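Notes for the one structure printed next.
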Amino acid sequence: MIGGAKPLAAPLLGATAPPGRRLAPAACAPDPSPALATAAAQSAGQSDRAPPPRPPDEPAAPPTALRSTSQLTRWSRTRALRSGRRLGLDRPAASSAPPVTKPPPTPAPAPSLVPKGAAAEDDDDDLCVAERDAVAGKAIYMVSDGTGWTAEHSVSAALGQFEHCLVDRQCSVSTHLFSGIDDMDRLLEVIKQAAKEGALVLYTLADPSMAEAIKKACDFWGVPCTDVLRPTVEAIAAHIGVAPSGIPRSSPSRKGQLTEDYFRRIEAIDFTIKQDDGAQPQNLNHADIVLTGVSRTGKTPLSIYLAQKGYKVANVPIVMGVDLPKPLFEINQDKIFGLTINPVILQAIRKTRAKTLGFDGHTSNYAEMEHVRQELHHANQIFAQNPTWPVIGVTGKAIEETAAVIVRVYHDRKQKCSMPRISKRVAPVVIYNFRSGG
């Protein structure tokens, strides 16, 4: 972190920066010219004498004497970053020396630190290009007074809209989570760091005073920021007619944090771990959801993810030459979901897994394409014999996406579709029932 929080104490309590003010880091500004300092000293000591006339044949001082080239600025900025030098955000205090009288001809003014309009923003981009090059992508800071779960998942969902750009790293970003920020000093340190790196700040702060403080701090240092939580809280408050408490969920003053829902999730996780990979099939009737599929279709991570949401999940592997456990066909068939995957993708996953386990291709056909296709065909035959099992293709899907489909179908079946669900009208659930082939 950089500096202390005290320089901002006065602005937060009183006056704020002018509207639209943006302070660039000190290292983004050109270094003062030594020639200018010498001229200032001479001017201060000889202010009572007229300056000597300049010979006619002497060329005028170049107008760029006070302006750093973009190449020099980048080099200086990169050197500062690599050396680990702390980069202050506030300009140095003015010295007590007499004011400098600029000798004619008047040189061109130094680049402004306060951008005005598009041209000023371009200049600022040139000044700080080295800093952006020194980090892996544009920084996004997530600030929370709790665990940061809401901010982290909101940002993750939003970044999903930019996969077309993020995959080939044309617009790569780096995210940083700051959780448990519950005092002003730490909050200001984070914002000062964000100003240094040119980061976007997204925050979820339940305390209105903290939310107001971070907004003022971001305005003062020119940091773009957005309150992720406040619009939703205000909408709910207006809808139910009750004011929010403004107390973070992690605050000790909140009582009853360990709710019944919390213990239900812990119980679900414990059950799911014990039922992994076909263990204890006699307990399948106690499961809320049962997943089945060939090896490496993501049954275990999907089970754990669903368990964290409070569902008791068991998973049963489909292996050629091994009969499925009888209890699987005796329980409520609406609980069972089949998973399938593209054979090429499955082979690639298995090859990676085989290397991790030290399998030799000569002693195992685990990752051979022919064996992979046979296993998938065998699984599809089982799925065809049990048409009530929804079969979901997991190729190219995140665990969250597959889990969302399973949860929707689970609740629709549990409620027997007694009332229409908004999710079905907006985005119908597509279930892939493979009858043959891979």
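Results, tabulated for the structure shown:
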{"read-out": "Long-range amide H partners of Ala139 with built H, under 5 Å", "value": "Ser174, Leu200"}
{"read-out": "Measure of compaction for the stretch 183-311 (Cα Rg per 2.2 N^0.38 Å)", "value": "1.55"}
{"read-out": "Accessible area (Å², per residue) of the stretch 145-193, counting only protein heavy atoms and a probe of 1.4 Å", "value": "59"}
{"read-out": "With every protein chain in place, the stretch 251-389: carbon and sulfur % of accessible area (1.4 Å)", "value": "52"}
{"read-out": "Theoretical FRET efficiency, 1/(1+(r/R0)^6), r = Cβ-Cβ of Trp149 and Glu370, R0 45 Å, to 0.05", "value": "0.55"}
{"read-out": "Cα pair count fraction exceeding 18 Å, expressed as % - the stretch 285-339", "value": "29"}
{"read-out": "Accessible-area composition of the stretch 149-239, carbon plus sulfur, in percent [1.4 Å probe]", "value": "55"}
{"read-out": "Under 5 Å, built H, 5+ apart or other chain: amide partners of Lys312", "value": "Asp288, Ile289"}
{"read-out": "Solvent-accessible area of His377 with every protein chain in place, 1.4 Å probe, in Å² to the nearest 10", "value": "80"}
{"read-out": "Over 32 Å between alpha carbons, listed pairs Lys335/Lys397; Lys355/Lys397; Lys138/Lys216", "value": "none"}
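The values are calculated or read from the model by the stated rules, or taken from the named source; none is laboratory data. Remember, predicted model here, so these are calculated numbers, not experimental data. Don't worry about glycine lacking a Cβ; one is built from the backbone with ideal geometry, like all the others, and counts go over all protein chains shown. Calculation scope for accessible area: heavy atoms of the full protein, side chains included, ligands and nucleic acids excluded. Shrake-Rupley method; radii C 1.70, N 1.55, O 1.52, S 1.80 Å.
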